[in-house]
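Peer 1: This is the structure I want to talk about, given as structure tokens.
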Amino acid sequence: MLRTNPATETDRSALAQLASGGGKTVELSGGADWRTAAEDIRGAVQVDIRFASFKDGRGFSLATQLRTRLGYSGRLRAIGDLIPDQAQFLKRVGFDAITPDRSDLAADWANAERRYSVVYQPAHDAIATIPALRKSSSDELEQFNARYRNSDALEILHDALETTWRGRIALLSSFGTEAAVSLHLASRINPATPVLFLDTGRHFAQTEQYLRTLVDRLKLTDVRVLKPDTGEVQTEDADGYLWQRDADACCAMRKVRPLSRALDEFDALVTGRKRFHGGARTDLPVVERVADGLRVNPLANWSAEQIQAYFQAHDLPRHPLADMGYSSIGCWTCTAPAYGGGGLRAGRWPGQNKTECGIHAR
Ligand code: SF4
């Protein structure tokens, strides 16, 4: 929503003077000096600022000065060589009407204001810009990671679930080979922690069986099964072979978008990813910001040996496929045993460059 700065006492005085003359329309060039323009616009009810070229930004500055320095509150119109990409910023600096020279871009102008939900350039409306948002979010992440630097996984999870994001955080689980560890940790803190499971419709029967085993064993009371939108499946994957044609599109439809929709009610999501998984996870922080929100990774610095030790210490059941060479398990269509080295996730999307499904894309 467009906002204008409140006028100062000096501004109000200038405004009163301006208002004392008769109504008229004044045209200024974008390069005009706002101090001399003060006399020109005395008594004006409309000021037109002409842009000789869309590359010349001086008209934006002049509009800002008229609105903020002189407190001009009459109609302000931008005219001349303007392009639809400038619509949002024209409004933000105080224009309330735009008359571009070109008349063949009406549809683009109509859509232009809705095109961007965030802003890059600062203006006197004080809307937070993208650089400012990036700065504040990176400061916030640094604070979280500094706070958790010397904490163990249970302490991190306890703080995340019970204090920092209490009531606004869920745990995502694939119910794969290592899933029992983070689920067990969460159950020790609160078995009613919301657990999200992405049901792609392509899981091994053994994974679904393992889900039921862990839910019973850990007494999890809030497991939420997220399915893809049936309309999207019919439109985008009518023959059921999208995973072969375009695995990224298939993961987007069956995993990324269902999770994104579910995250509307959460501010943060706990994952069980670890740095030793390699690839994009090698530098995994404990708290990170990804495309759809915050991720908390309490097991980020755990080793494979720690995982195995935790299974043994708590006598946790294993995934039925773990002993058959499956070290990382997703959809049956895209998962193979990881024989022959290549790391724990070598059996995912075999024969493709793809290594992640995209739900944690930064
Ligand atoms: S892992 Fe394969 S089948 Fe599952 S959603 Fe991704 S591409 Fe589709």
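The values are calculated or read from the model by the stated rules, or taken from the named source; none is laboratory data. Computed from a predicted model, the values in this text were never measured in an experiment. When we count neighbours, we look across all protein chains shown, and the Cβ atoms used for this are built from the backbone with ideal geometry, even at glycine.
Peer 1: In segment 329-362, how many residues are over 18 Å from A280 (Cβ atoms), aromatic (F, W, Y) and near the ligand (Cβ under 9 Å from one of its atoms)?
Peer 2: Count: 1.
Peer 1: I've got another one for you. In the list Y326, Y310, which residue meets the criterion of being over 25 Å from C250 (Cβ atoms) and either touching a residue at least 60 places away in the same chain (Cβ under 8 Å) or within 12 Å of the ligand (Cβ to nearest atom) (or both)?
Peer 2: Y310
Peer 1: Taking segment 288-307 only, how many residues are touching a residue at least 60 places away in the same chain (Cβ under 8 Å) and assigned to a loop (DSSP other than H, G, I, E, B)?
Peer 2: Matching residues across segment 288-307 total 4.
Peer 1: Taking into account only those residues within segment 41-80 that are loosely packed, with under 15 Cβ neighbours inside 10 Å and touching a strand residue (DSSP E or B) at 6+ places or on another chain (Cβ under 7 Å), which is nearest to A123 (Cα to Cα)?
Peer 2: Looking at residues that are loosely packed, with under 15 Cβ neighbours inside 10 Å and touching a strand residue (DSSP E or B) at 6+ places or on another chain (Cβ under 7 Å), I get R75.
Peer 1: With respect to F175, is the statement that it is part of a loop (DSSP other than H, G, I, E, B) and among the aromatic types (F, W, Y) true? Explain how you work it out, then say what you get.
Peer 2: Numbers: part of a loop (DSSP other than H, G, I, E, B): yes; among the aromatic types (F, W, Y): yes.
Taking the combined requirement at face value, the residue satisfies it.
Peer 1: Identify, please: which residue in segment 224-256 is among the basic types (K, R) and assigned to a helix (DSSP H, G or I) and is, among those, nearest to the ligand (Cβ to nearest atom)? Full working, then the answer.
Peer 2: Taking segment 224-256 as the starting set, the residues that turn out to be among the basic types (K, R) are 224, 227, 245, 254-255.
Imposing the further condition that a residue be assigned to a helix (DSSP H, G or I) reduces the set to 245, 254-255.
Numbers: R245: 10, R254: 4, K255: 5 Å.
Step by step, filter segment 224-256, then rank; the result is R254.
Peer 1: Here's another thing I want to ask about it. Which is under 14 Å from S173 (Cα atoms), assigned by TED's automatic domain parsing to the domain that holds P191, touching a strand residue (DSSP E or B) at 6+ places or on another chain (Cβ under 9 Å) and more than 15 Å from the ligand (Cβ to nearest atom), of L220, L259?
Peer 2: Step by step, each of L220, L259 is checked, and only L220 is under 14 Å from S173 (Cα atoms), assigned by TED's automatic domain parsing to the domain that holds P191, touching a strand residue (DSSP E or B) at 6+ places or on another chain (Cβ under 9 Å) and more than 15 Å from the ligand (Cβ to nearest atom).
Peer 1: On to the next question. When you look at D199, is it in contact with a Ser or Thr (Cβ under 8 Å, 6 or more places away or on another chain) and assigned by TED's automatic domain parsing to the domain that holds N301, yes or no?
Peer 2: no
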